[in-house]
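Notes to accompany the following structure.
The values are calculated or read from the model by the stated rules, or taken from the named source; none is laboratory data. The structure presented is a predicted model; accordingly, all values stated were derived computationally and were not measured. Cβ sites come from the backbone with ideal geometry, for glycine too, and all protein chains shown count toward neighbours.
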Amino acid sequence: MVRVDEVLEKPAAVSLVKGDKVTVEVKEPSQFRDGARVTFYANGWIFGNGLAVHEVGHEVSPEISPVSEPGASSPRREEFAQARKELSDAELRSRIQKADMVVVGRVTAIRPQALRPVGAQSNLVLSEHDPDWQEAVVQVESGIKGARDGQEVVIRFPGSLDVAWYRAPKFKLGQEGTFVLQRDTVSGSPKAMLGGAEVDAYVAGSRQDVLPKNEAQRIRALVGP
């Protein structure tokens, strides 16, 4: 059980302030003792009347160190924010390097998957976990990687809200953004129809691959010349 001295970062929906208590499932209990001051990096686990988290990592703090008031700036918070930005930039750069296409664009149409799965996946029986593949047609405003300005791109995504798919990015008509895309290897049909011709279909692997439109400048800087 951990008593909170300072919150460095948390989801907006989570209420957590100085003095609250959090259950932390640690990796190695033998590393801790009562009264130790520790900075925990953790993922959410249980939300309800109390909060429980899984430890990702930790740093042992000095025995005596200042604690900032809620909302106030502190060297520790500023250090964490800078480290977080550098980590985020590194993660984003890695995703961009692995991506087949990165575009800034607008969704002009939403439709069901036009080409059905081929091969072994064509014989799959529908179940409650069926992804209900949909296609977002995107007009490219600016091609950052693997695309040219003005072309159209098909992004395939699961329309299902089933537990197996609810975390996957969803697209809607008129949506604008910066999209980090991979060629579709998950729906069973790597091609889509566009303008009467077959074209490559793409997917956004996670919500982190669907970014605001104003992130384009940051991404260009990470891509480099």
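Could you tell me which numbered condition G177 fails, if it satisfies all but one of (1) touching a Leu at 6+ places or on another chain (Cβ under 8 Å); (2) of a type in the set (G, A, S); (3) in a loop (DSSP other than H, G, I, E, B)?
Of the numbered conditions (1) touching a Leu at 6+ places or on another chain (Cβ under 8 Å); (2) of a type in the set (G, A, S); (3) in a loop (DSSP other than H, G, I, E, B), the odd one out for G177 is (3).
Closer than 18 Å to P112 by Cβ and touching a helix residue (DSSP H, G or I) at 6+ places or on another chain (Cβ under 8 Å): is that true of P190 in this structure? Break it down into steps so the answer makes sense when it comes.
On the way: closer than 18 Å to P112 by Cβ: yes; touching a helix residue (DSSP H, G or I) at 6+ places or on another chain (Cβ under 8 Å): no.
It is false that P190 is closer than 18 Å to P112 by Cβ and touching a helix residue (DSSP H, G or I) at 6+ places or on another chain (Cβ under 8 Å).
Would it be correct to say that Q208 is in contact (Cβ under 8 Å) with a residue 12 or more places away in the chain, more than 17 Å from T108 (Cα to Cα) and in contact with a Leu (Cβ under 9 Å, 6 or more places away or on another chain)? Break it down stepwise before answering.
Working: in contact (Cβ under 8 Å) with a residue 12 or more places away in the chain: yes; more than 17 Å from T108 (Cα to Cα): yes; in contact with a Leu (Cβ under 9 Å, 6 or more places away or on another chain): yes.
Judged against the criteria, Q208 is a match.
Of all residues in the range 87-96, count the ones that are in contact with a Lys or Arg (Cβ under 9 Å, 6 or more places away or on another chain) and either under 19 Å from D200 (Cβ atoms) or acidic (D, E) (or both). Walk me through it before giving the result.
Filtering the range 87-96 down to residues in contact with a Lys or Arg (Cβ under 9 Å, 6 or more places away or on another chain) leaves 89, 92, 96.
Subsequent filtering for residues that are either under 19 Å from D200 (Cβ atoms) or acidic (D, E) (or both) retains 89, 96.
The total comes to 2.
Going by what's in this entry, would F157 be described as touching a residue at least 60 places away in the same chain (Cβ under 8 Å) and assigned by TED's automatic domain parsing to the domain that holds V103?
Answer is no for this residue.
Which condition from (1) at pLDDT below 90; (2) in a loop (DSSP other than H, G, I, E, B); (3) under 20 Å from R93 (Cβ atoms) is the one that A147 breaks?
(1)
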